[in-house]
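Notes to accompany the following structure.
Only the coordinates and a few stated rules stand behind these numbers; no lab work does. All values derive from a computational prediction rather than experimental measurement. For neighbour counting, all protein chains shown are included, and Cβ atoms are generated from backbone atoms with ideal geometry for every residue, glycine included.
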Amino acid sequence: MTESHGSDVEAFLDDLPPSTNRYSYEGKEQLHQILKIEYDRLGPLYHPRSEPSKPNLEISEYFVIFIDPSSFDQEFLLPDPIAGLRLFYNEALHSLILRMSTPEHSQVAGALHTAVTNALLPMELDQAIQVYGGVNVPVGNGNVKQPDGGWGPIRHTRGVPKRPGVVVEVGVSVSETKLRNDARMWVDPVRGKANMTITVKVNRRKPQLKIDSWEWDSGVQRPHVTQSCVIERSGDKTTVSQYPITIPFEYIFRRSPDIPRETDIWLEKQRLINMATSVWASQEP
C-alpha cells in the first residue's frame with residue numbers, strides 16, 4: 001500500500017469521535033465479547049432524544065479492532081455479514097473500523113433506495129440494478145469497505161468486476177471531514193472506482209440534513225462537490241436549499257441511455273423533504 005493511502009486511513013482514524021473505543025483482536029470468543037460491549041454501549045443511539053437530561057450527542061457509533069488479515073478473512077468475509085454493522089478494513093495497517101447502523105443511517109439509505117427504484121419503475125429498470133448497501137467492496141491494496149448504499153448494473157460486461165457506480169455514505173456522529181474522506185476514496189479511479197458518491201450528514205442537535213454529491217476531477221486529480229443541498233426545519237416550515245439532486249443514468253448503469261424512457265434520476269423537493277422528515281421522526285423518543 002502506498003504511503004498516501006496509509007495516510008488516508010490514519011486521517012480516517014483521527015476523524016473518528018473521541019469516544020471511539022479501540023481493541024486488539026485476541027480470538028473469536030473475545031470478538032463476541034467486544035460486539036456485546038459495543039451493542040450495549042451504543043443502545044442510547046437508538047433513542048437519541050429520549051433523555052434530554054442525559055445528552056448522548058457525542059456518543060460515537062464507531063469502534064476499531066486491530067486484526068491481522070487472515071483473522072479478518074475468517075471473521076468478517078462471510079456470506080452473511082454481522083447484522084447492523086458497516087466496516088472498512090485496511091490490510092496494511094491491520095485496522096478494522098466498524099460502525100453501528102443507527103435509525104438515521106437506515107432511514108437515509110432506505111429513502112434514497114426507494115427514490116431510485118421508484119424513478120426506475122417507468123423505465124422498467126427497477127429489477128436491473130445491483131444493490132450494494134452493506135456489501136463488501138474491494139477498494140484496492142487488500143482493503144475492503146461496506147457502503148451504506150449503492151447501485152450498479154446487475155448485468156456486467158464480461159471481465160468487468162461487479163461494483164457500485166453510485167455510492168451512498170451517511171454520517172451522524174462523525175465530522176464532514178470524515179465523509180469527505182469516504183467520498184474521496186469511493187470516486188478515486190484506482191480505489192473505489194465509483195462515478196459518484198452521495199454523502200448525507202445528519203445533524204443530531206437540530207432538524208437538518210446536508211446532502212453533497214461528489215465526482216472525480218481528472219484535471220486536478222481529486223474529488224469535488226457537484227451538488228449541495230441543505231434541508232432544515234424551523235417551526236412548521238421545511239426549506240430545501242437546492243433541488244433536484246440529479247443522479248445521471250450512466251453513472252449507475254455504466255452505459256448511455258438506449259431509449260427515450262431511460263433518463264437521469266431526479267430527487268425532487270418533496271422527495272427530499274419526505275426523506276428528511278422520516279429521519280427526524282426516527283430521532284424522536
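Based on the Cβ-Cβ distance from Thr263 to Arg205, what FRET efficiency comes out when R0 is 45 Å, to the nearest 0.05?
The calculated FRET efficiency here is 0.75.
With a 10 Å cut-off between alpha carbons and a GNM built on the chain, which of Arg180, Arg163, Arg41 moves the most?
Arg41
Obtain the nm distance between the two label points defined at Val190 and Leu93 by a simple spin-label model: each point lies 7 Å from its Cα along the Cα-to-C-beta direction.
Result: 1.7 nm between the two label points.
For the stretch 164-285, what log10 I(q)/I(0) values come out of the Debye formula at q = 0.12, 0.21 1/Å, with one point per alpha carbon and no solvent?
Results for the stretch 164-285 at q = 0.12, 0.21 Å⁻¹ read -0.49, -1.20.
Student exercise: in the stretch 98-219, how many lysine pairs 8 or more apart or on different chains have Cα atoms under 27 Å apart?
Summing the qualifying lysine pairs gives 14.
Report, in order of residue number, the helices in the chain meeting two criteria: a C-alpha extent of 24 Å or more along the helix axis, and a mean Kyte-Doolittle hydropathy of at least 0.0; treat each whole DSSP H run as one helix.
Span-like helices here: 103-120.
State to the nearest 20 debye the size of the charge dipole of the chain about its Cα centre, where the only charges are +1 on K and R beta carbons and -1 on D and E beta carbons.
500 debye
Using a 7 Å offset from the Cα along the Cα-to-Cβ direction at both Glu29 and Val131, what is the distance between the two label points in nm, to one decimal?
Placing both labels 7 Å beyond Cα along the Cβ direction yields 3.8 nm.
Label Thr177 and His156 with points 7 Å out from Cα along Cα→Cβ: what is the distance between them in nm?
3.5 nm
Here are some values of Cα extents along the principal axes in Å: (i) 57, 53, 36; (ii) 62, 38, 38; (iii) 61, 44, 34. Which one was computed from this structure?
Comparing each candidate, only (i) matches the computed number.
If you take every DSSP beta bridge whose two residues both sit in the chain, what share of them, in percent to the nearest 5, is antiparallel?
The answer is about 80 percent antiparallel.
Treating the beta-carbon of each Lys and Arg as +1 and of each Asp and Glu as -1, no other charges, what is the dipole magnitude of the stretch 164-285 about its Cα centre, to the nearest 20 debye?
380 debye
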